[in-house]
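I have placed the structure first, in the form of structure tokens, so that the comments after it can refer back to it.
Only the coordinates and a few stated rules stand behind these numbers; no lab work does. Just so you know, these numbers come straight off a predicted model, no measurement behind them. Ideal geometry is used to build each Cβ from the backbone, glycine not excepted, and the neighbour counts take in all protein chains shown.
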Amino acid sequence: MAERLTREFFARSVHDVAPELIGATLLVDGVGGVIVEVEAYDQDDPASHSFRGSTARTASMFGPPGHAYVYRSYGIHWCLNLVCAEAPRAEAALVRALEPTSGLEEMRERRGLEPARALCSGPGKLCQALGITRVLDGCPLDEPPFELRAREEEAPLAVGPRIGITQAVEQPWRYGLAGSPFLSRRF
DNA sequence: CAGTGGATGCTCT
DNA sequence: GAGCATCCACTGT
């Protein structure tokens with residue numbers, strides 16, 4: 001059985017943690033799958049929510065590592081981040097896509113009938129499929145309802161620029177499982 | 001296919 | 001009151 005990811009794993013630079021998350025398993029109440037795409041955001045990054053300091057919305061990104069930072073995007077979607085680095089650093093990895101492996105029926109109930117490759121292929125989609133909302137903002141990742149397990153083997157990485165941002169567009173801080181059909185977009 | 005625009009709510013200026 | 005770390009439906013090839 002793969003090792004559980006604890007606070008110590010996340011208490012490092014997001015630029016070290018993010019690529020190691022590819023291939024890890026993320027479950028919420030037993031529903032989820034294998035992480036195939038993440039993006040790194042650090043505090044010196046104009047595209048990061050932590051760039052302009054702590055606010056009510058971003059407080060959990062400034063909290064201890066190994067916790068969730070959940071925010072609403074475009075008024076409609078929820079997005080899940082895994083908080084990295086020790087305070088006062090504020091870094092996080094945005095989980096952008098999963099390969100669904102567990103609880104497919106529940107995901108389809110939440111998102112409607114879809115092929116497996118479309119259930120979690122985007123940050124808003126996977127939060128809907130896993131039932132992630134603001135309720136989980138600030139919750140520890142090593143306790144229920146979360147279950148987070150390390151990858152069993154090193155994963156072939158794809159790297160590229162991040163998606164949907166207007167600042168620091170050129171930084172290659174998007175990581176994916178090379179060749180996976182479950183990505184939000186091809187690299 | 002690719003490209004466009006609407007929905008929607010909350011934060012910050 | 002603008003602007004979003006998005007998604008989907010709709011258009012036109």
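For chain A, the normalised intensity computed at q = 0.09, 0.10, 0.13 Å⁻¹ comes to -0.27, -0.33, -0.58 (log10 of I(q)/I(0), Debye sum over alpha carbons, equal scatterers, no solvent).
Under 5 Å from the amide H of A:His67 lie the amide H atoms of A:Val83, A:Leu141, each residue being 5 or more positions distant or on a separate chain, with H modelled from the backbone and absent for Pro and chain starts. Site pair A:Gln167 and A:Arg72 shows an inter-label distance of 2.2 nm when each label is modelled 7 Å from Cα along Cα→Cβ. Between A:Glu154 and A:Arg7, the distance separating the two model label sites (each 7 Å from Cα on the Cα→Cβ line) works out to 3.1 nm.
How much length is gained if the chain between A:Ser54 and A:Ala116 is pulled fully straight, taking 0.36 nm per residue apart and subtracting their Cα-Cα distance, in nm to one decimal?
Working: separation 62, 0.36 × 62 = 22.32 nm, distance 3.70 nm.
Taking A:Ser54 through A:Ala116 to full extension adds about 18.6 nm, to one decimal.
Determine the shape class of the range A:1-98: with a ≥ b ≥ c the square roots of the Cα gyration tensor eigenvalues, call it rounded for a/c under 1.5, and otherwise prolate if a/b is greater than b/c, oblate otherwise.
Numbers: a/c = 1.76, a/b = 1.29, b/c = 1.37.
Note, shape of the range A:1-98 comes out oblate.
Short version: what are the Cα gyration tensor semi-axes of the range A:77-187, square root of 5 times each eigenvalue, largest first, in whole Å? Walk me through the numbers before you get to the answer.
Values: eigenvalues 96, 76, 44 Å².
For the range A:77-187, the semi-axes come out at 22, 19, 15 Å.
Between A:Ala87 and A:Asp29, full extension at 0.36 nm per residue minus the direct alpha carbon distance yields a gain of 18.1 nm. Modelled label positions at A:Glu143 and A:Glu105, each set 7 Å beyond Cα in the direction of Cβ, lie 3.1 nm from each other.
So what is the relative contact order for chain A, in percent, with contacts set as C-alpha pairs under 8 Å and at least six apart? Write out the running numbers ahead of the final one.
Working: 473 pairs, mean separation 56.6, N = 187.
Relative contact order, chain A: 30 percent.
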